[in-house]
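Trainee: Let me give you the structure first, and then I'll get to my questions.
The values are calculated or read from the model by the stated rules, or taken from the named source; none is laboratory data. Everything numeric in this text was worked out from a predicted model, so none of it was measured. Cβ placement follows ideal geometry from the backbone for every residue including glycine, while neighbour counts extend to all protein chains displayed. Protein only, heavy atoms only, side chains kept; ligands, DNA and RNA dropped before computing areas. Shrake-Rupley method; radii C 1.70, N 1.55, O 1.52, S 1.80 Å.
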Amino acid sequence: MTRTYALHAPRRPSRVRPYGITRGRTAADRFLGVERLISTVEFDPQRVLGMLPETAAVYEACRYPRTIAELATGLALPLGVIRVLVGDLAAVGRVRIHPPAADIPDRHLLERVLRGLDNL
Amino acid sequence: MRKILIVGAGQAGLQLAHGLLLAGGYEVTVMSQRPASEIRHGRVTSTQCMFGAALEMERRALGVDLWSAAGSGHRIDGLGVSVPGPDAAPAINWLGQLSQYAQSVDQRLKMAAWLELFAERGGTVVINAATVSDLDHLAALYDLVIVAAGKGDIVELFDRDAERSPYSAPQRSLAVAYVHAVRPREEHPDTSAVRFNLIPTVGELIVIPALTTSGTCDILFWEGIPGGPIDTFDQVADDPAAHLAHTLELIRRFAPWEYERCAEAELTDPGATLAGRYAPVVRHPIAALPSGRLALGIADVVVANDPITGQGSNNASRAADTYLAAILAHGDRPYDQAFMQATFDSYWARVAVCTAWTNAMLAPPPPHVLDILGAAGQHQDVADRFANGFSAPDDFADWLLDPIKASTYLAAVTAR
């Protein structure tokens, strides 16, 4: 009896594990739009001591949830810098990046984003 | 841990980022203008054909080959040249054999996967269209900032090096279509080969077997002399179907020997076409930011050649390889201006001949080049040497770029 084999069996490189792919996809796709809310996780003043001044400023500001736009305005830093600092803090669990707003964001949030953008 | 920021998620930026991550001891951040999923499902951004040496460098840096020839079914084993004659058949028509296979993986596929793998391996990815102001602030937070994004405002931070840039205007209009259903050339049905069709006074049609998100495909790539009959893709802008129809009509008219196998071509996806032009340029490698801090350019930020010789991605790989070695060898010393200049100088030493060759290909061929193209049809050694020069272009300095050495070599070959 003849056996046949699929010419290109679906496979993925063995060193890339499934959970890893998920993490990679998440991080490589995570765009922090100006409306994304960021909040500090369990603020601890001791932690500020070891941080760069800009990082510490984001960590402190986000004790009250802030949008990316508000952080850029409030700290007078370009959006790209805020995205880097938030990414670094989120990677070590110091801040939480809220999920993207639902299809219809609430009016209050939109007004805050608008104000933040106006002030950039 | 030394902190390195790489702005740009293309061949050079991501190859270098992976190389540093695998070497260990570096905190590497890649800033990409677009998220991986947008890169993967967006419009094509490039043509590419990476030859053996450049593929080896990227595999070494990545530590993995995501599109091995065996796994992907994609490899390129030959490089052919055709030049039209008085009738429909080409007067020059030959195929050189590559000693190592080449590959053309659509950068949408490759860069999306490399960016995801980089994040998975612990690298930091930031999605952001970098501004000068971003870089200026970030340069204070990182030990080294490398600019690997060949397009956009920040490239303007790097001044043109007039001495090394013979052209100030685009030398070709570029029109690209990724297509399925192109057959191999009839005369070599079993060899997957990139084909250079040189049409004097008109331009070049380059056909590159490739791998895209929907599997193996071919790239139909017209390079048109400005103002000539190929430089007419403006009239089909934003209409991919019309772009393909125009591509095929120009093939039928100027490279009829290629038409039959392309006649049933279908676009691989709605984003499969691209048209544009740019002036080849060499730039000074160090940008001074408003604060006085420095950023180092890499690959096509500093050396952007016309794609006529298919060397862009190869040079990006050579650049990443050079910069990786320089950074690793530098240990914990500061990445100062002297380091940046020396790093670029080592890169330039590797691509100066390639740049001269690419610029020479944009001009009408001198007699000794025509002699070589003719002789390659009679002597397989000449065809093979020409083909393998795409992997190691320095060899061209010893014959193709030098009339005297060229005639000495041809005399030796024909005397055999």
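Trainee: Are any residues in region B:258-294 part of a helix (DSSP H, G or I), out of contact with any helix residue (DSSP H, G or I) (no Cβ under 7 Å at 6 or more places or on another chain) and among the acidic types (Asp, Glu), and if so, which ones?
Mentor: Correct list: B:GLU260 only.
Every residue, every condition in (1) at pLDDT below 95; (2) of a type in the set (Val, Ile, Thr); (3) assigned by TED's automatic domain parsing to the domain that holds B:PRO307; (4) on the phi < 0 side of the Ramachandran plot, yes or no:
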| site | (1), (2), (3), (4) |
| --- | --- |
| B:LEU14 | no, no, yes, yes |
| B:THR29 | no, yes, yes, yes |
| B:GLU38 | no, no, yes, yes |
| B:ALA53 | no, no, yes, yes |
| B:PRO86 | yes, no, no, yes |
| B:GLY96 | no, no, no, yes |
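Trainee: Of all residues in region A:57-86, which are surrounded by fewer than 21 Cβ atoms within 10 Å (Cβ to Cβ) and either small (Gly, Ala, Ser) or at pLDDT below 95 (or both)?
Mentor: If the condition is that a residue be surrounded by fewer than 21 Cβ atoms within 10 Å (Cβ to Cβ) and either small (Gly, Ala, Ser) or at pLDDT below 95 (or both), then A:ALA57, A:ALA61, A:GLY74, A:ALA76 are the ones that fit.
Trainee: I need the helices (runs of 4 or more DSSP H) fully contained in region B:297-416, keeping only those with at least 1 residues that are under 14 Å from the mean Cα position of the chain (by Cα) and crowded, with 19+ Cβ neighbours inside 10 Å.
Mentor: B:312-329, B:337-361
Trainee: Scan region B:211-237 for residues that are within 25 Å of B:ASN359 (Cα to Cα) and open to solvent by less than 10 Å² (accessible area, probe 1.4 Å) and report the count.
Mentor: Summing the residues that are within 25 Å of B:ASN359 (Cα to Cα) and open to solvent by less than 10 Å² (accessible area, probe 1.4 Å) in region B:211-237 gives 7.
Trainee: Would you confirm whether or not region B:12-33 contains a residue that is polar (S, T, N, Q), open to solvent by less than 20 Å² (accessible area, probe 1.4 Å), touching a helix residue (DSSP H, G or I) at 6+ places or on another chain (Cβ under 6 Å) and in a helix (DSSP H, G or I)?
Mentor: Taking every residue of region B:12-33 in turn, at least one turns out to be polar (S, T, N, Q), open to solvent by less than 20 Å² (accessible area, probe 1.4 Å), touching a helix residue (DSSP H, G or I) at 6+ places or on another chain (Cβ under 6 Å) and in a helix (DSSP H, G or I).
Trainee: While we're on this one: Mind checking which residues of region A:23-43 are in contact (Cβ under 8 Å) with a residue 60 or more places away in the chain and either in a loop (DSSP other than H, G, I, E, B) or at the interface with another protein chain (Cβ under 7 Å from one of its Cβ atoms) (or both)?
Mentor: Within region A:23-43, A:ARG30, A:LEU32, A:GLY33, A:VAL34, A:GLU35, A:ARG36 qualify.
Trainee: Shifting gears a bit: Could you check how many residues of region A:57-68 are away from every other protein chain (no Cβ under 14 Å) and not in a loop (DSSP other than H, G, I, E, B)?
Mentor: Looking only at that region, the number is 5.
Trainee: If I go through region A:44-56 residue by residue, how many of them are surrounded by 14 or more Cβ atoms within 10 Å (Cβ to Cβ) and either touching a Lys or Arg at 6+ places or on another chain (Cβ under 9 Å) or within 12 Å of chain B (Cβ to nearest Cβ) (or both)? Let's see the steps before the verdict.
Mentor: Within region A:44-56, the subset surrounded by 14 or more Cβ atoms within 10 Å (Cβ to Cβ) is A:47-48, A:51, A:54-56.
Checking the rest, the ones that are also either touching a Lys or Arg at 6+ places or on another chain (Cβ under 9 Å) or within 12 Å of chain B (Cβ to nearest Cβ) (or both) come to A:47, A:51, A:54-56.
Qualifying residue count for the region: 5.
Trainee: Being within 14 Å of another protein chain (Cβ to nearest Cβ), open to solvent by 20 Å² or more (accessible area, probe 1.4 Å) and closer than 24 Å to B:GLY310 by Cα narrows it down to one residue among B:HIS74, B:HIS41; which is it? Explain how you work it out, then say what you get.
Mentor: On the way: B:HIS74 fails: open to solvent by 20 Å² or more (accessible area, probe 1.4 Å).
None of the other options fit; the residue is B:HIS41.
Every residue, every condition in (1) without any contact (Cβ under 8 Å) to a residue 40 or more places away in the chain; (2) within 14 Å of another protein chain (Cβ to nearest Cβ); (3) among the polar types (S, T, N, Q), yes or no:
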site: B:SER46; (1), (2), (3): no, no, yes
site: B:ALA61; (1), (2), (3): no, no, no
site: B:ALA70; (1), (2), (3): yes, yes, no
site: B:SER82; (1), (2), (3): no, no, yes
site: B:GLN100; (1), (2), (3): no, no, yes
site: B:LEU117; (1), (2), (3): no, yes, no
site: B:GLY123; (1), (2), (3): no, yes, no
site: B:VAL132; (1), (2), (3): no, yes, no
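Trainee: Find the residue count for region A:69-102, including only residues that are within 10 Å of the chain's Cα centre (by Cα), within 11 Å of another protein chain (Cβ to nearest Cβ) and not β-branched (Val, Ile, Thr).
Mentor: The total comes to 6.
Trainee: Could you go through region B:367-378 and let me know if any residue there is at pLDDT below 95 and of a type in the set (Val, Ile, Thr).
Mentor: No, every residue in region B:367-378 fails to be at pLDDT below 95 and of a type in the set (Val, Ile, Thr).
Trainee: Just need a number here: residues in region B:112-128 that are under 24 Å from the mean Cα position of the chain (by Cα), among the acidic types (Asp, Glu) and surrounded by fewer than 24 Cβ atoms within 10 Å (Cβ to Cβ).
Mentor: Count: 0.
Trainee: Taking into account only those residues within region B:134-154 that are under 18 Å from B:PHE344 (Cβ atoms) and modelled with pLDDT under 95, which is farthest from the other protein chains (Cβ to nearest Cβ)?
Mentor: B:GLY150
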